[in-house]
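Asker: Below are the structure tokens for one structure; questions will follow.
Read-outs: derived from the displayed coordinates by stated rules, not from any lab. This is a predicted model, so every value here is computed, not measured. A quick note on method: Cβ atoms are made from the backbone with ideal geometry, for glycine too, and the neighbour counts reach across all protein chains shown.
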Amino acid sequence: MSKTVLIAGASRGIGLELAVQYAAEGWRVIAACRAPEQARGWLPASVDVQALDVTSPESIAALAWYLDDAPLDLLICNAGLFGPDTGSFAAPGDAAFDEVMHTNVLGPMRLIQAFGSNVAAARGVLAVMSSSMGSIQDTSGSDAIAYRCSKAAANMVVKTAANEYGPLGACVVSLHPGWVRTEMGGDDAALGVSESVEGLRQVMAELDEDDNGHFIDYRGHRLPW
Ligand SMILES: NC(=O)c1ccc[n+]([C@@H]2O[C@H](COP(=O)([O-])OP(=O)(O)OC[C@H]3O[C@@H](n4cnc5c(N)ncnc54)[C@H](OP(=O)(O)O)[C@@H]3O)[C@@H](O)[C@H]2O)c1
């Protein structure tokens, strides 16, 4: 029987490429996007495109109702926002801070609460697309403070979720996709999106219970929190 993946935030960039590659491999792909009608135009026909705004509890509840208790082999909380960046230490405005934190932190919290048991039922993988910019130990810059704080907090979401859903059978991880040429990563990024996603897929395929609660990059290297 084919495996099922739910990708939250699949309209472009890394999320779109994950949907394309998993569909090509024969998975049942549920691509959840803010603008599903638009995304249907560039996703393969086999992909089940559903509406999702990760900042909306109602939207998450509607998707949970649609999926009911269907087991999920893989949930990828990919939706993300970079937010304001002046290049140096600068506190964001209230609205910008709220938007970044609601998308990058509260979004994965609510998604995991809604779908964690679906993943545990399949003894599957629950991955949050974090960033090396969320590693406190590895931080050398002072830019993009809202994004950095949001990804550090997302890492804590992963650690706590690993304690809850790991014992139930899921493997919960934070992933770093590399610096990738997408709208967020920009044209100067080191990696093409297909190369990053091929690496991420291989890493997720090889995870086992020892990886629960770890921060791992697209090459399979563990990162410091
Ligand atoms: N690119 C990099 O170098 C890099 C490095 C480290 C980590 N990451 C992380 O990897 C993930 C994907 O990044 P990317 O480079 O592919 O970024 P991207 O091209 O900017 O795409 C972001 C995706 O998130 C979706 N999204 C944003 N807010 C959403 C919401 N409220 N509800 C549902 N979907 C939402 C966007 O959908 P819309 O089309 O509706 O806006 C889009 O599909 C992010 O979490 C990012 O932080 C990226």
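Asker: Please work out the FRET efficiency for the pair D143 and A51, using the Cβ-Cβ distance as r and a Förster radius of 41 Å; give the result to the nearest 0.05.
Answerer: For R0 = 41 Å, the calculated efficiency reads 0.75.
Asker: Hey, can you grab everything whose amide H is under 5 Å from the amide H of A122? Only 5+ residues off in sequence or another chain; H modelled, so Pro and N-termini drop out.
Answerer: So A122 has HN proximity to L72.
Asker: Based only on Cα atoms, what mean projected area does the convex hull of the chain have, in nm²?
Answerer: Its Cα hull, projected and averaged over all orientations, spans 11.6 nm².
Asker: While we're on this one: Using alpha-carbon pairs under 8 Å, 6+ residues apart, how would you state the relative contact order of the range 1-73 in percent?
Answerer: That works out to 30 percent.
Asker: Rounded to the nearest 0.05, what FRET efficiency do K159 and E198 have when you use their Cβ-Cβ distance and R0 = 35 Å?
Answerer: Efficiency for this residue pair is about 0.85.
Asker: Over all directions, what mean area does the Cα convex hull of the range 37-82 project, stated in square nanometres?
Answerer: Convex hull of Cα atoms, orientation-averaged projection: 4.3 nm².
Asker: In sequence order, what are the phi-derived ³J(HN,Hα) couplings for the range 14-22 according to the Karplus relation 6.51 cos²θ - 1.76 cosθ + 1.60 with θ = phi - 60°, rounded to whole Hz, with x for glycine and proline?
Answerer: Once θ is set to phi - 60°, the couplings for the range 14-22 become 5, x, 4, 5, 4, 4, 5, 5, 5 Hz.
Asker: Can you tell me which of M184, M129, M101 moves the most in a GNM of the chain? Springs connect C-alpha atoms under 10 Å apart.
Answerer: Checking each option, the largest mean-square fluctuation is seen for M184.
Asker: Something else now. State, to one decimal in nm, how far the label point of E209 lies from the label point of F89, with both points 7 Å from Cα in the Cβ direction.
Answerer: Between E209 and F89, the label points sit 4.5 nm apart.
Asker: Among Y147, Y165, Y66, which one moves the most in a GNM of the chain with springs linking Cα atoms closer than 10 Å?
Answerer: Highest fluctuation among the options: Y66.
Asker: Enumerate the calculated ³J(HN,Hα) couplings along the range 79-92 in order (Karplus 6.51 cos²θ - 1.76 cosθ + 1.60, θ = phi - 60°), each rounded to whole Hz, writing x wherever the residue is Gly or Pro.
Answerer: 3, x, 9, 7, x, x, 8, 8, x, 9, 5, 8, 5, x
Asker: Give the distance, in whole Å, between the Cα centre of the range 105-180 and the Cα centre of the range 1-69.
Answerer: The distance from the Cα centre of the range 105-180 to that of the range 1-69 comes to 19 Å.
Asker: So which residue, out of I76, I14, I145, gets the largest mean-square fluctuation from a GNM of the chain using Cα contacts under 10 Å as springs?
Answerer: I145
Asker: OK, next. More than 19 angstrom separation, counting every C-alpha pair in the range 149-218; what % is that?
Answerer: Percent of Cα pairs beyond 19 Å in the range 149-218: 42.
Asker: By how many nm would the segment from M184 to R123 grow when fully extended, if each residue of separation counts as 0.36 nm and the alpha-carbon distance is taken off?
Answerer: Extra length from M184 to R123 when fully extended: 18.8 nm.
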